[in-house]
Each structure stands twice: as C-alpha cells, then as structure tokens.
Amino acid sequence: MQPWGMASLTNQIDVQVAGTDPLGRGLVKLEAEYCPAGVPFGDNQCGSCVSANWVEAGPQGDEVLLREPILGLDSNTLYRWRVRVLRAPLH
C-alpha cells in the first residue's frame, strides 16, 4: 500500500513482506503493528499480529512471501504501520 493509500476492503488488509534469513537457511515469520494516525507505536490503541506459523527461508537466503490478514480495522481511519520479519534457527 502506498503511503496515505486506502485499502480496497473497508475493514481488512493483507500485509505482505519478503522474508529472508541473513544467515541462509532458517525460519521466518511476519510481525505487524498498526496505530491510528497520531498515536505512537506501542500505545494500547494500537493493534498487532504475528503469523501463527514459521516458514522455512531458502538455503541461499532465498526470499519467501509472508502474508497475514489484518481484520477488524475501523473504516475511514488512517493507520500507521510497521512490519518486521522475525527469525529463528532451523532445528
């Protein structure tokens, strides 16, 4: 989504990010936080989500697409977003 863009659905958006492990092969998942405009990240008015499952990133640092739906957004509300990739060693 472009800065200040709008979602095509009124109360849902799919967050996507390319996940890699800088050490090569490992496990990755998506974490997102979203806040109404003017509210600092970490505030109790913000929402967050973490992917339920870990996904294996490729042995050459190959990207995997991580996608998570965010539900229950207030329509006509501007949100700020931050997204990161969590990683864990492959057992």
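The values are calculated or read from the model by the stated rules, or taken from the named source; none is laboratory data. The structure presented is a predicted model; accordingly, all values stated were derived computationally and were not measured. All Cβ positions, even for glycine, are placed from backbone atoms using ideal geometry, and neighbour counts span all protein chains on display. The protein model used for the area step is the full one, side chains on, heavy atoms only, and it has no ligands, DNA or RNA in it. Shrake-Rupley method; radii C 1.70, N 1.55, O 1.52, S 1.80 Å.
Data overview
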read-out: Of (1) 45, 22, 19; (2) 54, 28, 21; (3) 42, 26, 21, the label for Cα extents along the principal axes in Å derived from the coordinates; value: (3)
read-out: Whole-percent carbon and sulfur share, accessible surface of the chain, 1.4 Å; value: 48
read-out: Region 32-80: GluC sites (Glu not before Pro) in DSSP loop, at most 16 other beta carbons within 10 Å; value: Glu63
read-out: Whole-number percent relative contact order across region 18-59, with pairs defined as alpha carbons under 8 Å at least 6 apart; value: 49
read-out: Separation of the Val83 and Leu23 label points, Cα + 7 Å toward Cβ, nm; value: 2.5
read-out: Backbone HN-Hα couplings from phi across region 80-91 [Karplus 6.51/-1.76/1.60, Hz, Gly and Pro as x]; value: 9, 10, 9, 9, 9, 9, 8, 9, 9, x, 7, 8
read-out: Accessible area, probe 1.4 Å, largest first, for residues Ile13, Ile70; value: Ile13, Ile70
read-out: Summed residue charge, Cβ within 12 Å of Asp21's Cβ, Lys/Arg positive, Asp/Glu negative; value: 0
read-out: For Arg25, distant residues with modelled amide H under 5 Å away; value: Gly61
